[in-house]
Every structure is written in C-alpha cells, then in structure tokens.
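Here the structure comes first, spelled out in structure tokens, and everything after it is commentary.
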Amino acid sequence: MRKVLTGNVAVAYGAMLSDVQVVAAYPITPQTTIIEELATMQADGLVDMDYIRVESEHSAMAACIGASMGGARAFTATCGQGLFLMHEMLHYATGARTPVVLANVNRAAAAPWTIWSDQTDSVSQRETGWIQLYCEGNQEVLDTTIMAFKIAESLRLPAMVVLDAFFLSHTSEPIDIPDREQVRDFLPPFDPGDLWLDPNNPRTFGGITMNDAYMEFRWQIQRDMEKAKAVITEVHEEFARVFGRKYHQVEAYQAEDADVVIVVSGTVASTSRDAIDLLREKGQQVGMVKLKTLRPFPREEIIETLKGKKKVAIIDRNFSPGATGIWAQEIRNALYELPEGDRPLIYGYIAGLGGRDISVKVIESIYQKTLKDNRPDDVDMWIGVNYV
Amino acid sequence: MIEIRFHGRGGQGAVVATKILATSVFLDGRYSQSFPAFGVERRGAPVTAFLRVDEKPIRIRTEIYEPDHLVVLDPLLVEQVPLANGLKKDGIIIINSNKKPVEFSDMFKGFRVATVPAGKIAVKYHLGSPQSPIVNTAILGAVAKVLGVVTPESLIEGIKTDVPAYTENNAAAAQEAYETVSNVVQL
C-alpha cells in the first residue's frame with residue numbers, strides 16, 4: 001500500500017508494524033507528531049501496546065529500559081533538548097544491554113532557542129554505545145525503524161533512528177507501507193532468552209561491579225559493536241530480499257571515477273544526488289558518498305571507498321566546538337592509516353546549522369571550492385556565515 | 001518539476017493545504033512533496049509552505065527559492081513578506097481576495113494573477129469563524145482550476161483523506177472555488 005506520509009508518521013508506522021509493546025514518551029517539537037500518531041494507532045486498535053506518559057525524557061528512557069528488561073519491545077522518540085536530558089539513561093540502556101529503539105528528530109541545541117534541524121543532538125550521544133542510523137527520505141525512515149528493532153535485538157544493544165527536523169519530520173511524500181505479515185516474518189517477537197526480569201524467577205541485573213569485572217562488560221559492548229557492522233549488512237540484505245529496497249552503511253553514488261567526492265548524511269544526501277547529476281551534466285567528475293551509520297563507524301568500508309581519491313569534501317551539519325565536524329573527525333581518523341599516496345586531502349565543511357538550508361547551490365559551491373583549492377584553507381570551513 | 005510556494009498566516013491552513021495537494025497529486029499518479037517552513041507556531045504569524053510535483057521521485061529536500069507559481073492566502077502579507085521573491089517570469093499568482101486581479105497591478109506588476117474569494121466561500125461553508133476563516137480547501141479548488149496540477153476528482157479525494165472534520169463542507173468549498181475563480185490576468 002502506498003500513502004503520502006510525513007517522516008514522523010513514517011516512524012509511527014515503523015513502530016506499529018514492528019508490534020511495539022511499550023511506548024514511553026514526552027512531547028517535544030518537532031517530534032510530537034510521532035507519539036501523537038502512535039497514540040491514535042493505539043486508540044484505533046492497530047497496535048497492542050502500553051503507552052506510558054511520563055514527566056520527562058529522562059523518565060521516558062528509564063521506563064523503556066525497565067520495559068525492555070521485562071522482555072518487552074520498547075520504543076520512544078524525542079529530539080534536541082529531550083535527547084540531551086536523556087543522556088544519562090542512554091548510557092544506562094547500553095550497559096543494561098536493553099535493545100530499546102529511539103527515533104531522534106535532529107533538532108539544534110539551545111541557547112538561543114531553536115526548533116530547527118542539525119545533528120548536534122545525536123552526534124553528542126556518540127559515546128553512549130547506541131547504534132545510530134541516519135536517514136535521507138521518509139521511506140528510509142519507515143524501513144529503518146523496522147530494521148532498527150531487528151539489529152538492536154540481535155545484538156542486545158540500543159539503536160537510534162535519526163531524521164532531520166522538518167526536512168523529513170514534517171515533509172509529506174508518497175511511500176510504500178510494508179505488509180504487516182511480511183514484517184512479522186522479517187521481525188519475530190523480541191526474545192530476551194533467559195536474560196530478563198521474570199517475576200516468577202526474581203533476580204537483579206546491573207548491581208555494583210568491582211574493578212575486576214567492569215572492564216569486561218565494556219569490552220563486550222565494544223566486541224558487539226564491531227559485530228554490529230556485519231549484522232547491519234545482513235539485516236540490510238535480508239530487508240532487500242523481502243521488501244525490495246536496499247540500504248547501505250556506506251553508499252557511493254557516481255564516485256567511481258570522481259576527482260572530488262562529497263561525503264554527506266541525512267537529507268543532504270538526497271539533495272546531493274540532484275546536485276551531482278547537475279554537475280555531471282556539465283562534465284564535472286564529482287561523486288557522493290552517503291553515510292548511514294555513525295555508530296558503529298564503518299571504518300573498513302570508508303577506507304575501501306575513499307582510498308586513492310584525490311579530494312574528499314565532508315559536509316557536517318554539526319560541530320564540536322574547539323575541534324571540527326564529527327563526520328570529518330571520524331573519516332580523518334579512519335583514513336590516517338592509509339599510505340600517503342592513497343590518502344585523500346580532506347576538506348571539512350560546516351553547513352546548515354540550526355536549519356539553515358543546504359541547497360543545491362550550497363553543495364555546488366562546496367564542490368567548486370574543493371576543486372579550485374589545492375589545499376584546504378583550514379581544518380574546517382564554515383559555509384554561508386555572515387561574520388560579525 | 002513544478003514548484004509552488006504558499007504564503008499564509010498561522011490558522012489559515014497553508015501547511016495542510018500543501019499536504020492535501022501532495023496527497024491529491026499522488027492520487028493522480030504523480031510524485032509529490034510538501035514541506036512547511038515553520039517559524040513560530042502561532043496564529044496570525046506569516047507561514048510559508050512548499051509543494052513539488054514531478055513525474056519521477058523527488059530527491060531535492062530544500063526550501064523553494066524560485067517557484068513556478070505562488071498561492072497567497074492573505075494578500076496583506078505583502079507588507080511583511082516580499083511575496084514575489086524569486087517567482088519565475090511566467091509564474092501565476094493565485095490570491096485569496098474579493099478584488100479583481102487588475103486591482104493588484106501595483107503589487108504584482110509583470111506577473112499573471114487570478115483571484116478567488118476563498119475567505120467568503122470558507123465562511124459560507126462554516127470553515128473556521130467569520131473573523132478568521134480557514135481558507136485552505138477553498139483556495140485549492142482555485143489551484144486545481146488555474147494551475148491544472150491536479151484533477152478536481154483527485155483533489156476532492158485528497159480532501160476526504162486528509163481533512164477529518166467538516167469533510168463534505170471542505171469538499172464543497174473547493175468545488176465552489178473551482179467554479180468561481182477569476183480568469184488569469186497579465187498585469
């Protein structure tokens with residue numbers, strides 16, 4: 001069935017089709033319509049779930065962790081300030097090995113107050129041990145929400161579906177809604193094995209751990225995060241076999257023979273496809289690489305894809321004050337091990353903070369600057385800023 | 001690709017108008033994308049919303065800077081917002097107004113204009129209040145007629161899909177606007 005849906009409603013469909021059992025959430029613009037839609041779906045009898053209204057995002061995540069430890073498939077959604085408030089509990093979800101799924105609508109950080117998009121909220125959770133999956137369109141949002149449960153539950157690690165505020169959350173476009181029975185075959189009910197809080201067999205998890213054991217728990221998280229790369233690829237492939245749509249952790253577009261490769265994530269990837277086609281029509285040797293996963297970071301695939309390229313322009317819709325954009329940091333880190341002849345020049349660009357548009361013209365200007373300059377002017381270059 | 005920019009005020013229904021059009025265009029078998037440029041969500045504040053229509057999937061995800069056409073839900077916005085900014089030369093402007101197109105000669109010189117009394121029609125069908133009518137479905141009838149981006153049948157279907165309240169009245173308002181919108185006049 002095809003319908004015209006916003007990105008937020010697509011998230012709700014993804015959670016509903018995944019037969020989510022517990023939703024605990026707190027409303028915040030521009031996320032609110034996700035949990036409104038889920039509440040409507042529950043009222044209409046489309047999904048058999050408990051809906052827990054909580055007093056904050058911190059409590060929302062705490063409730064999801066509890067539900068997941070009780071063996072339920074748990075989901076929440078938030079953005080910006082809400083995700084910041086959740087931060088402590090995000091670490092806890094990973095440590096407790098609860099495969100909670102969270103949809104985060106990328107919203108820039110206050111102050112000054114804003115409801116517009118950038119990735120600072122999600123990239124600030126890089127070290128929490130959450131799998132992070134970025135989306136470029138509403139179809140990808142719906143499909144990724146379903147896949148996120150499968151990935152998270154097979155690894156016992158939490159997963160975040162990330163979509164741009166307004167550019168996806170409030171944008172309507174036609175998308176295909178997968179058949180419910182096919183989704184049920186693809187994603188069987190969550191099976192916690194014997195690791196859950198069973199009232200008939202009381203025990204506790206996560207008690208105080210001495211220094212002879214803590215490090216082993218952390219090492220297991222790292223081991224499973226590394227394993228996640230193969231698991232995500234397997235889930236992408238299985239999803240493609242069943243539903244006919246293929247996703248990648250690293251996707252190259254027209255990049256094979258490109259002199260300049262632009263690296264992007266989120267909706268900028270979608271707009272870049274148009275920009276690349278326009279530039280190619282003008283005879284420019286330019287390509288694009290779209291990154292879907294920030295964690296685990298697809299280091300090996302990135303090295304393979306960018307090895308031997310002359311110039312790589314990374315567009316970061318986020319920023320780490322005192323350092324650089326996060327995707328640029330990660331890519332520089334990965335490529336450093338290449339021998340000098342195979343190591344591309346990295347041009348790091350900061351653009352689109354606080355919802356400033358990253359238009360085809362902006363992408364073209366980034367390409368032109370990268371092509372023209374023999375070396376980057378600086379470790380990062382801010383696009384479209386009125387310096388005052 | 002056809003790109004249309006809507007200008008209205010919070011409460012007039014510009015955002016929902018583009019959503020209804022996106023659904024209606026899709027029902028005609030084409031690709032569509034609608035997207036609001038929210039400022040602050042409050043009644044009366046200027047609101048901009050966008051619609052794209054194409055024969056193939058739409059990948060561009062940015063605001064519309066050079067629209068093919070404009071839809072103006074409140075012409076008084078011209079005092080606050082440079083409405084015709086970037087509008088293509090042959091672009092058509094559809095205005096919610098009881099006036100004739102020629103009366104907008106100063107405001108929109110060089111463009112083509114059609115007017116429709118969408119406010120009056122909305123009041124007639126009890127959409128919103130007489131002081132602040134919800135004009136979105138009425139203006140869409142004019143859009144269907146003047147711009148031809150959607151068939152009237154799909155527009156009525158789209159309204160039934162996306163407007164849960166007063167569905168019949170909204171459909172009737174669109175129908176009346178379709179029938180009563182002025183001719184397009186070159187100014």
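The values are calculated or read from the model by the stated rules, or taken from the named source; none is laboratory data. Remember, predicted model here, so these are calculated numbers, not experimental data. Cβ atoms come from the backbone with ideal geometry, glycine included; neighbour counts cover every protein chain shown. When the accessible area is computed, the model is the full protein with side chains, heavy atoms only, and any ligands, DNA or RNA have been set aside. Shrake-Rupley method; radii C 1.70, N 1.55, O 1.52, S 1.80 Å.
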**Q.** Label-to-label distance, nm, for residues given as A:Leu278 and A:Asp194 (7 Å Cα→Cβ offset)
**A.** 6.2 nm
Q: Could you tell me what fraction of 2.2 N^0.38 Å the Cα radius of gyration of the protein assembly as shown comes to, as a two-decimal ratio?
A: 1.01
Q) Over the range B:2-186, what per residue volume does the convex hull of the Cα atoms give, in whole Å³? A) 105 Å³
**Q.** Mean Cβ count within 10 Å, highest first, over the residues of peptides B:63-74, A:213-224
**A.** B:63-74, A:213-224
Q.
Let me see the P(r) profile for the range A:312-360: every Cα-Cα distance counted, bins of 5 Å, each bin given as a percent of all pairs.
A. 5, 21, 26, 21, 14, 8, 4, 1
Q. Which whole-number percent is the relative contact order of the range B:89-166 (Cα, under 8 Å, 6+ apart)?
A. 24 percent
Q. GNM, chain A, Cα, under 10 Å: largest mean-square fluctuation among A:Arg107, A:Arg53, A:Arg203?
A. A:Arg203
**Q.** For the range A:283-291, Karplus couplings with θ = phi - 60° (6.51, -1.76, 1.60), whole Hz, Gly/Pro x
**A.** x, 7, 8, 10, x, 9, 10, 9, 9
Q: Please give the net charge around A:Ile326, taking every other residue with its beta carbon less than 14 angstrom from that of A:Ile326, where Lys and Arg add +1 and Asp and Glu add -1.
A: -2
Q: Sort the range A:251-382 into rounded, prolate or oblate with this rule: let a ≥ b ≥ c be the square roots of the eigenvalues of the Cα gyration tensor; rounded if a/c is under 1.5, and if a/c is not under 1.5, prolate when a/b is larger than b/c, oblate otherwise.
A: rounded
Q) Sequence-distant or interchain residues sharing an amide H contact under 5 Å with A:Asp50, placed H: which? A) A:Val22, A:Val23
Q | For A:Thr293, residues with placed amide H under 5 Å, excluding near neighbours | A | A:Tyr134
Q: Have a look at the DSSP beta bridges in the protein assembly as shown and tell me what percent are antiparallel, nearest 5.
A: 35 percent
Q | Cβ crowding within 10 Å averaged over residues, with A:93-103, A:304-314 ranked highest first | A | A:93-103, A:304-314
(Q) Of all beta bridges DSSP finds with both residues in the range A:251-382, what is the antiparallel percent, to the nearest 5? (A) 15 percent
Q.
At 1.4 Å probe size, put B:Lys56, A:Lys246, A:Lys361 in order of accessible surface, largest to smallest.
A. A:Lys361, B:Lys56, A:Lys246
Q) Looking only at Cα atoms, what is the convex hull volume of the range A:2-243 per residue, in Å³? A) 126 Å³
Q: Collect residues whose amide H, placed 1.01 Å from N in the peptide plane, falls under 5 Å from the amide H of A:Gly71; neighbours closer than 5 in sequence don't count.
A: A:Leu197
Q. How much net charge surrounds B:Gly119 when only the other residues with a Cβ under 14 Å from the Cβ of B:Gly119 are counted, with Lys and Arg +1 and Asp and Glu -1?
A. +2
Q.
Using a loss threshold of 40 Å², tell me which positions in the range A:159-181 are less accessible in the complex than in their chain alone. Probe radius 1.4 Å, ligands and nucleic acids ignored.
A. A:Phe166, A:Phe167, A:His170, A:Thr171, A:Ser172, A:Glu173, A:Pro174
(Q) What are the ³J(HN,Hα) couplings of the range A:202-211, residue after residue, when phi is run through the Karplus curve with 6.51, -1.76, 1.60 and θ = phi - 60°? Round to Hz, x for glycine and proline. (A) x, 7, 10, 10, x, x, 4, 10, 7, 6
Q) Per-residue ellipticity at 222 nm for the protein assembly as shown, helices alone: DSSP H runs ≥ 4 residues times -39500 (n - 2.57), over residue total, nearest 500 deg cm²/dmol? A) -12000 deg cm²/dmol
Q. Which whole-Hz couplings ³J(HN,Hα) result when phi for each residue of the range A:308-325 is put into the Karplus expression 6.51 cos²θ - 1.76 cosθ + 1.60, θ = phi - 60°, listed in order with x for Gly and Pro?
A. x, 6, 6, 9, 10, 9, 9, 9, 9, 9, 5, 7, 10, x, x, 9, 9, x
Q) Which whole-number percent is the relative contact order of chain A (Cα, under 8 Å, 6+ apart)? A) 16 percent
Q. Want the number for A:Arg53 to A:Ala110: 0.36 nm per residue separation, take away the alpha-carbon distance, what's left?
A. 18.1 nm
Q: Could you pull out every one of the aspartates and glutamates with an alpha carbon less than 14 Å from that of B:Lys145, ignoring same-chain neighbours closer than 8 positions?
A: B:Glu153, B:Glu176, B:Glu179
Q. What does the charge count near B:Ile92 come to, summing +1 for each Lys or Arg and -1 for each Asp or Glu among other residues with Cβ under 13 Å from its Cβ?
A. +2
Q: Can you bin the range B:22-106 into rounded, prolate or oblate? Criterion: square roots of the alpha carbon gyration tensor eigenvalues sorted a ≥ b ≥ c, rounded for a/c under 1.5, prolate for a/b above b/c, oblate for the rest.
A: prolate
Q.
Using the Cα centre of chain A as the reference point, and only Cβ charges (+1 on K/R, -1 on D/E), how large is the resulting charge dipole? Debye, rounded to the nearest 20.
A. 580 debye
Q | Added length on full extension, which subtracts the Cα-Cα distance from 0.36 nm per residue, A:Glu234 to A:Asp176 | A | 18.7 nm
